[in-house]
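Chemist: Got a structure here, written out as structure tokens. Questions coming.
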Amino acid sequence: MNPLNHVAIIMDGNGRWGMKHKNSRNAGHKEGLKTVEKIIKETIKNKIKFLTLFAFSTENWKRPKKEINYLFNLLENFLLNRIQDLHKQNIKLKILGSKKFSPKLNKLLNNSEKKTSKNTKLQINLALNYGSKSELIDAFKKINKNKITISEKNIDKNLQTKNIPVPDLLIRTGNTKRLSNFLLWQLAYAEIFFEKKLWPAFNENDFNRIIIEYKKIKRNFGKI
Ligand code: FPP
């Protein structure tokens, strides 16, 4: 059976779920946060050490301001209300992406990372204002500036995900089959599961069903 150390998730479908059930995209984001909580619990139960969640892409700034504000308020309240408990559960929070938010949110993100930095049970990487292409460009610029060789190892070391093992498994909910500029380098050998359900409807059983399927796959990494 395949070991499972790192799961990455593109949590797609909040807007559609919200429109269908409550006639409001933001209601879908609120419900989506409940799924985040469920999946964190289930990740711990499965003894998975890394969970990377795509919460806001560099392209998501193109959404209406009202929706963007709602999402960041949700995040702010989540951190204010939940970080102490996550810390108590020995969970480490790391932000991927560039922190170009309000000074208040930047401070909250930095404090949350700092507070949980020594925790060891589970590392949650929250991708916020994250885009894989700009992450790669930044890595190449650093390599160029430091006049070091371009190699797989040096690229790994200059990405924001340095010291984080690559995802074994990527799940994308919401019935769409694309990567949306998410961890393009790091997902090179990941097993990818596209899930029909919208993120707010995704639950523990769905997560465990995918994990069981993943464990059965013969992972070759180019060999036979
Ligand atoms: C994609 O669905 C989802 C997002 C852009 C936001 C993800 C946010 C959450 C799950 C809740 C907040 C999370 C935290 C950690 C505070 P979409 O809106 O693109 O859905 P659509 O494809 O149906 O429009």
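Chemist: Do you know which of the residues in the stretch 100-140 that are within 15 Å of the chain's Cα centre (by Cα) and away from the ligand (no atom under 15 Å from the Cβ) is nearest to Ala188 (Cα to Cα)?
Modeler: Across the stretch 100-140, the extreme among qualifying residues is Ser132.
Chemist: Just give me the residues in the stretch 1-34 being in contact with a Phe, Trp or Tyr (Cβ under 8 Å, 6 or more places away or on another chain), under 20 Å from Ala127 (Cα atoms) and either within 7 Å of the ligand (Cβ to nearest atom) or modelled with pLDDT under 95 (or both), in sequence order.
Modeler: Met11, Asp12, Gly13, Asn14, Gly28, His29, Gly32, Leu33
Chemist: Here's a check for you: in the stretch 33-59, which residue that is in contact with a Leu (Cβ under 9 Å, 6 or more places away or on another chain) and free of Cβ contacts under 8 Å to residues at least 60 places away in the same chain is surrounded by the fewest Cβ atoms within 10 Å (Cβ to Cβ)?
Modeler: Residue satisfying both the conditions and the ranking: Lys47.
Chemist: I would also like to ask the following. Here's a check for you: in the stretch 37-91, which residue that is more than 10 Å from the ligand (Cβ to nearest atom) and aromatic (Phe, Trp, Tyr) is nearest to the chain's Cα centre (by Cα)?
Modeler: In this case the residue turns out to be Phe50.
Chemist: Additional query: Can you find a residue in the stretch 12-32 that is surrounded by fewer than 17 Cβ atoms within 10 Å (Cβ to Cβ) and over 24 Å from Thr176 (Cα atoms)?
Modeler: no
Chemist: Residues Leu96, Leu86, Leu80, Leu108: which one is of a type in the set (A, V, I, L, M, F, W, C) and in contact with a helix residue (DSSP H, G or I) (Cβ under 6 Å, 6 or more places away or on another chain)?
Modeler: Leu108 is the lone residue from the list that is of a type in the set (A, V, I, L, M, F, W, C) and in contact with a helix residue (DSSP H, G or I) (Cβ under 6 Å, 6 or more places away or on another chain).
The values are calculated or read from the model by the stated rules, or taken from the named source; none is laboratory data. Owing to the predicted nature of the structure, the values given are computational and were not obtained by experimental measurement. Cβ coordinates were reconstructed from backbone atoms using ideal geometry, including for glycine residues, and neighbour counts include every protein chain displayed.
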